[in-house]
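The values are calculated or read from the model by the stated rules, or taken from the named source; none is laboratory data. Remember, it's a predicted structure, so these values are computed and weren't measured experimentally. Note: areas computed on protein heavy atoms with side chains; ligands, DNA, RNA excluded. Shrake-Rupley method; radii C 1.70, N 1.55, O 1.52, S 1.80 Å.
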Amino acid sequence: MKKFFPVGKLDTKFLAELIKKYYRKDRKLIVHPKIGEDAAVIKKEDKCLVLTTDPITLAEGKIGLYSVIINANDIAAMGGRPKYFLTTNLLPEGKTTKDNVENLFRDISSICKKLDILWIGGHIEITSGLKKPIVVGEML
């Protein structure tokens, strides 16, 4: 019988094995994948580029706001300044209205403006099989 993972983050020991086995190293990669590291830092000439990505899966009402705040925090925690933001917005079939989508866009746009972050695009779709929306943010 197969053993399934519980809801939540992967077991850290198993994740560490996967990171060691599948990620490649690069001399320009200053902060590389490891347990507890939510961002990467890449050396680019005389500057560094800080990148992160995080999904918001446990919220509904202000999911857009949370996606910006959580990703911006990951960048700031690495000493970077959140500047650009992309989103992948997966919305549940049979539950998504024009008002839901408008509120999502309004929330993302307003918090980005407040934090001087440029929302530069991404992807949006109505997805079958979802019980609630999922927003995956990518911050640079």
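Brief remarks on what is shown
- Residue 116 contributes about 100 Å² of solvent-accessible surface, heavy atoms of the protein only, 1.4 Å probe.
- Average Cα contact separation per residue, the chain, under 8 Å, 6 or more apart, as relative contact order %: 28
- Expressed as a whole percent, the accessible area of the chain that falls on carbon and sulfur atoms is 57 (1.4 Å probe).
- Taking region 23-92 and dividing mean pair separation by its residue count, relative contact order in percent (alpha carbons under 8 Å, at least six apart): 20
- Over region 36-140, the alpha carbon radius of gyration divided by the compact-protein estimate 2.2 N^0.38 Å works out to 1.10.
- Taking the helices alone, the chain has a mean residue ellipticity at 222 nm of -10000 deg cm²/dmol, built from -39,500 (n - 2.57) per DSSP H run of at least 4 residues and averaged over all its residues.
- Subset of 34/113; 43/83; 44/113; 83/114 violating a 21 Å alpha-carbon distance limit: 34/113; 44/113
- Sequence-distant lysines (8 or more away, or on other chains) whose Cα lies within less than 18 Å of residue 98: 62, 131, 132
- Solvent-accessible area per residue, Å², over region 1-116 with all protein chains present [probe radius 1.4 Å]: 77
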